[in-house]
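Encoded as structure tokens, the structure appears first; notes follow it.
The values are calculated or read from the model by the stated rules, or taken from the named source; none is laboratory data. What you are looking at is a predicted structure, and each value in this text was computed from that prediction instead of being measured. FYI the Cβ positions are ideal-geometry reconstructions off the backbone, even for glycines, and counts take in every protein chain you see.
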Amino acid sequence: MADLDGLKVAKDYHLDVPFANNSESFYVKGANNLDWGMKKHLANIFDAKSGNTVMFAFDHGYFMGSVSGLERLDILVPKLIPSVDVVMCTRGALRSCVPPAGNKAVALRVTSGSSMLNDDLSHEIVAVDIEDAIRCNADCMAVQAFIGADGQLESIDNISKVINAGIRHSIPTMGVVAVGKDMDRTDKYFKHATRVLAELGVNIVKTYYCDNFEEVVAACPVPLVVAGGKKLPENEALTLAYNAISKGAHGVDMGRNIFQSHHPIEMAEAVRKIVHEKATDKEAYEFYKNAISK
Ligand code: R5P
């Protein structure tokens, strides 16, 4: 029982001030009507000031094995974490190589089933159950989506199951648009695939940059984050990030263009300049060159 001596009697109810939250809308696109738990996870992912996020994707091992730049997750990941907002990875990488201390958000890959070894990349299953996503403190669950490909039906089944479980526990889902060697990379395709995922109920879509990207953004009612794709020279990767952000992406989910850079930390910091500080690609590249010259 609290000591009641000296207790102040409440009296200033500000009766002339409307309830403060009534006029506020939540800053993450399409999330205004979600519950508190969902919003909290999305707020862990998207910065309240810029509205954007720098996700670091290093989930490649789930179907590629050990790829160049990710040979030693235990060495690379802890060094890069201060420069990113979100780690996007498998639960194996999370538990073995991501320090649990700190305030970085987690985008947990929950589907698998593909492997570079058998050239069958469009069939996946939900491999991580919702209880383990909760135990991993996932801020969103990432599901691969093969829209328009052989595995479309099972992809939609996977996504729907993950969304349904996520809604039960207030964990957002991120749909990851897959592009295979035979798949279209046009704005027509990305408009279709991103919209299908949003209509299914994902809260974030990871997709690729393309011509007319602003139309892809406009047609999708939830935030888009852009994958980096294959390794480019640093200035070109920064231009890709700049184009995506200036046309309405709410962040990047970049992998190879960070971890395959000779200077991954400086590259991640340069990407941050664009994503959070409205830097141009040229300004970010100047920052990168200065940083690596020190
Ligand atoms: C998509 O299939 C996975 O999340 C990839 O591991 C990720 O998208 C690759 O990122 P990046 O293309 O930037 O290397």
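Starting from residues that are free of Cβ contacts under 8 Å to residues at least 24 places away in the same chain and acidic (D, E), keep the ones in segment 31-78 and report whichever is farthest from S112 (Cα to Cα). Residue satisfying both the conditions and the ranking: D74. Residue selection: I245 satisfies the criterion of being in contact with a Lys or Arg (Cβ under 9 Å, 6 or more places away or on another chain) and of a type in the set (A, V, I, L, M). Return the residues of segment 202-222 that are touching a residue at least 40 places away in the same chain (Cβ under 8 Å) and away from the ligand (no atom under 16 Å from the Cβ); say none if nothing qualifies. Residues satisfying the conditions are N203, P221, V222.
To keep it simple, each residue is scored yes or no on (1) surrounded by 18 or more Cβ atoms within 10 Å (Cβ to Cβ); (2) on the phi > 0 side of the Ramachandran plot; (3) among the β-branched types (V, I, T); (4) without any contact (Cβ under 8 Å) to a residue 60 or more places away in the chain.
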residue	(1), (2), (3), (4)
I125	no, no, yes, yes
V128	yes, no, yes, yes
E131	no, no, no, yes
I134	no, no, yes, yes
M141	yes, no, no, yes
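The selection criterion, being touching a Lys or Arg at 6+ places or on another chain (Cβ under 6 Å) and closer than 24 Å to V86 by Cα, holds for V176.
Segment 151-263 holds helices (runs of 4 or more DSSP H) entirely within its bounds, and those carrying 1 or more residues that are more than 15 Å from V275 (Cα to Cα), modelled with pLDDT of 95 or more and aromatic (F, W, Y) map to 187-200, 213-219, 256-259.
Each residue in segment 210-235 was checked for being out of contact with any Lys or Arg (no Cβ under 7 Å at 6 or more places or on another chain), closer than 26 Å to S160 by Cα and surrounded by 22 or more Cβ atoms within 10 Å (Cβ to Cβ), and 2 of them qualify. Which residue is surrounded by the fewest Cβ atoms within 10 Å (Cβ to Cβ), if the candidates are limited to segment 98-119 and must be among the charged types (D, E, K, R) and farther than 17 Å from N158 by Cα? Filtering segment 98-119 for residues that are among the charged types (D, E, K, R) and farther than 17 Å from N158 by Cα, the one surrounded by the fewest Cβ atoms within 10 Å (Cβ to Cβ) comes out as D119.
Just one of the listed residues (K191, K289) is basic (K, R) and either within 16 Å of the ligand (Cβ to nearest atom) or free of Cβ contacts under 8 Å to residues at least 24 places away in the same chain (or both), and it is K289.
Only a single item in (1) within 13 Å of the ligand (Cβ to nearest atom); (2) over 20 Å from F63 (Cα atoms) is not met by V176, and it is number (2).
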